[in-house]
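The values are calculated or read from the model by the stated rules, or taken from the named source; none is laboratory data. Computed from a predicted model, the values in this text were never measured in an experiment. Cβ sites come from the backbone with ideal geometry, for glycine too, and all protein chains shown count toward neighbours.
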Amino acid sequence: MMRHPFILAALGLGALFLALHLGGGRESVGVLSGTVVGGPWRMGFGVLYALAWFSAVLVAPVLLLAGLADAALQRRYTVPPFITHRT
């Protein structure tokens, strides 16, 4: 099976966002509105969650579509090994 880096990157961004969401990152995003609850660790966690959300919503779909298009074009324009061209 051939691996496509764009698809793997999109899945990785989605997995990162899911891990941060399950870890309670949504409650820490209040730092964006100026309310810091929990100290500097929670503030960094909130900023990291917001960046992961933006990447999962804006970057991951673009990477996924690019990877699928690349895989489809690569599959269409490769010659199978059992076909030989005679000149």
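Suppose we filter 59, 37, 29 for residues that are surrounded by 12 or more Cβ atoms within 10 Å (Cβ to Cβ), of a type in the set (Val, Ile, Thr) and at pLDDT below 95; which single one remains? Steps first, answer last, please.
Values: 59 fails: at pLDDT below 95; 37 fails: surrounded by 12 or more Cβ atoms within 10 Å (Cβ to Cβ).
Result of the check over 59, 37, 29: 29.
Quick check: is even one residue across segment 35-58 farther than 30 Å from residue 4 by Cβ, among the polar types (S, T, N, Q) and either in a helix (DSSP H, G or I) or touching a Pro at 6+ places or on another chain (Cβ under 9 Å) (or both)?
So far as segment 35-58 goes, no, none of its residues is farther than 30 Å from residue 4 by Cβ, among the polar types (S, T, N, Q) and either in a helix (DSSP H, G or I) or touching a Pro at 6+ places or on another chain (Cβ under 9 Å) (or both).
From the list 50, 15, 19, which one is under 30 Å from residue 74 (Cβ atoms) and among the aliphatic types (A, V, I, L, M)?
That would be 15, the only listed residue that is under 30 Å from residue 74 (Cβ atoms) and among the aliphatic types (A, V, I, L, M).
Does segment 6-23 contain at least one residue that is within 30 Å of residue 67 (Cβ to Cβ), touching a residue at least 60 places away in the same chain (Cβ under 8 Å) and out of contact with any Pro (no Cβ under 7 Å at 6 or more places or on another chain)?
The answer is yes; a qualifying residue exists.
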